[in-house]
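The values are calculated or read from the model by the stated rules, or taken from the named source; none is laboratory data. Since this is a predicted model, take the numbers as computed values, not measurements. No Cβ is skipped: glycine too gets one built from the backbone with ideal geometry, and neighbour counts run over all protein chains shown.
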């Protein structure tokens, strides 16, 4: 999303004036004819004008003396470009409400990456409406546009219709760029963000619209414009506009993760030496994190090889920590499959995700060795060796279907409050991953079971309680799903099971119902 | 070495006579093995009952439950609504692909002082679970004071250094108060066949939700006294 604030400087000045006068933001404009001026090489020049001055024929880029001729009552006020830029920076940080990543665009615009975030606002058009509303509340005139590339969004914001939306490539028609070139063809070539001289050349050549450039072919353009800088080269700008070439942008807020590295004098090829370096790095990382008052949650280890290859390893921690021995041990378990090749010359560790962690008390007594590890350390070691999905905690899930009533979550999260979801009584201790089909002998099809065969053994049913009828979730399952009648049973030897009959005889959803054994009681 | 702390030979000989009977509520061993069939949930149920029996009231520490892939296939995973209410909010489950991984997980868990107890489930007699491995588990549990209850599904009674070894099978449950036709609270027929501090014996255990209750089965003679009278060591495996 591109946000262009064409009247930023003058609106900011007006706001400051009204605040100084103690009036609200929505007070009527005073009938002063105001221009903000800046010092240029040949005397003062007008940088921005308000509406009244514009009506009087004064326009930006004019000399102040020329403007005074046109409009003798013009009030000249020195501009504040530094303040405008600082304001724009604050605005860029504020614009992160619409997307995680924002950048400044010149001195009067913002670029916000809203990829994957539009659904949070109820679609692209609602996102634009929200942005327009929020900016208007700040008293800013803004032109907004949404497009798949930053260049296209900028072009639409400055030269396209108000509030233009160019949907993502996957939603558009066929073609190399999904019809993006056609959608932008009628815009002026100035929408390519070119230098004034290049624009003059293009105008003299009769190329006024972006579509004209596409018509004369890439080779001709490449011959005529040879400059490597994108501001001077329409072809490069065109490629960036259509997303054929990625466009690097500087985000407003760049968080530098803590990182430490060791450049090795002699490339190492042996595991022991690498573990030594790793222990050193973990110590450095602990110092760096302590200086920042942080503890690492996710760490990345990069091993650069002499022969131009790099191996990355990352570990995630259950709780923020900066214990060097623990970090070194976790990475030590992940070093097995690394091919050192001709040797590793650079080892770098980055704390990609860190959380605040206050300074801790060093273990002064020797009881630590006997006391063992903490729970977080234990979980880290388990998930590093067994994989992240192996260590989980059963949690409540809002469903009455037995196998869906339990969700598995990552362990550091405490069990969320069940909020009145009471566990139904008489549930079994252990649930099979898949219900197993059993052959059941019964007196009547919808009566109690008498005997069943499971895994090749016959069980005589001595006691039975049921049925407990559990209907399918009709809002997410097909209409042909059958209900379940659960029975708690105990066989003649005292083994207790939870079995169910899927469906009823004659319910119109298949033939005779099947029986399944789903769970075991303790 | 201080010889005076060691038991004298005459005491060892009469150990079986003097050994106190096991009863619920007493101190639990730090490494127990529970042999059970893989066709019902009695092993896990008994392990949980013993674990809860040994935990102090009001304990809020986490409980770690390690299962290998075969035991998950045989008897399934723990099901939260069916767990004892005291454990529902503090269970962490570890699923491992092999017995080696399960042993690693058990050892790491025993090293952690923030766990109330560790429950393991391993099916069969895998090669990795030999006497050395069980000895490592015993030492680790006793060093850090974290109790381990290892359920052995469909396993032979191999060599092990576990301090208490049980053989468990399901027993017909006592009739519930209101519906005599329904299954009642879980009951097990448990045989303590090896222990360092208790005489071997056989009990019908029942967990009625209030605690573990034990009674001697009516149909079997009292093996514990017989064994002691024969001068057998209480430690001997059957």
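Tabulated data
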{"read-out": "Hits in segment A:426-460 - residues which are facing chain B (nearest Cβ under 9 Å), more than 22 Å from residue B:69 (Cβ to Cβ) and surrounded by fewer than 15 Cβ atoms within 10 Å (Cβ to Cβ)", "value": "A:457"}
{"read-out": "Residue A:494 surrounded by 20 or more Cβ atoms within 10 Å (Cβ to Cβ) and assigned to a loop (DSSP other than H, G, I, E, B)", "value": "yes"}
{"read-out": "Residue in segment B:166-175 that is under 17 Å from the mean Cα position of the chain (by Cα), over 21 Å from residue B:28 (Cα atoms) and in a strand (DSSP E or B) present", "value": "yes"}
{"read-out": "Entirely in segment A:292-369, the strands (runs of 3 or more DSSP E) that have 3 or more residues that are within 14 Å of residue A:281 (Cα to Cα) and modelled with pLDDT of 85 or more", "value": "A:294-305, A:344-356"}
{"read-out": "Verdict on residue B:155 being closer than 24 Å to residue A:455 by Cβ and within 10 Å of chain A (Cβ to nearest Cβ)", "value": "no"}
{"read-out": "Residue among A:496, A:501, A:488, A:463 that alone is at pLDDT 90 or above, under 22 Å from residue A:427 (Cα atoms) and more than 14 Å from chain B (Cβ to nearest Cβ)", "value": "A:501"}
{"read-out": "Filter pass, residue A:25 being closer than 30 Å to residue A:164 by Cα and at pLDDT 85 or above", "value": "no"}
{"read-out": "Residue match in segment B:89-103 (condition: in a helix (DSSP H, G or I), surrounded by fewer than 19 Cβ atoms within 10 Å (Cβ to Cβ), more than 7 Å from chain A (Cβ to nearest Cβ) and in contact with a strand residue (DSSP E or B) (Cβ under 8 Å, 6 or more places away or on another chain))", "value": "yes"}
{"read-out": "Selected residue [modelled with pLDDT under 95, surrounded by fewer than 22 Cβ atoms within 10 Å (Cβ to Cβ) and facing another protein chain (nearest Cβ under 7 Å)] from B:111, B:127, B:80", "value": "B:111"}
{"read-out": "Of residues in segment B:57-77 being touching a strand residue (DSSP E or B) at 6+ places or on another chain (Cβ under 9 Å) and part of a loop (DSSP other than H, G, I, E, B), the one nearest to the other protein chains (Cβ to nearest Cβ)", "value": "B:76"}
{"read-out": "Test: residue A:312 is under 31 Å from the mean Cα position of the chain (by Cα) and buried (at least 18 other Cβ atoms within 10 Å of the Cβ)", "value": "no"}
{"read-out": "Leading residue by the ranking (surrounded by the most Cβ atoms within 10 Å (Cβ to Cβ)) among those in segment B:43-56 that are more than 8 Å from chain A (Cβ to nearest Cβ) and under 15 Å from the mean Cα position of the chain (by Cα)", "value": "B:43"}
{"read-out": "Qualifying residue in segment A:373-391 (condition: outside any helix (DSSP H, G or I), within 11 Å of another protein chain (Cβ to nearest Cβ), crowded, with 19+ Cβ neighbours inside 10 Å and modelled with pLDDT of 85 or more)", "value": "yes"}
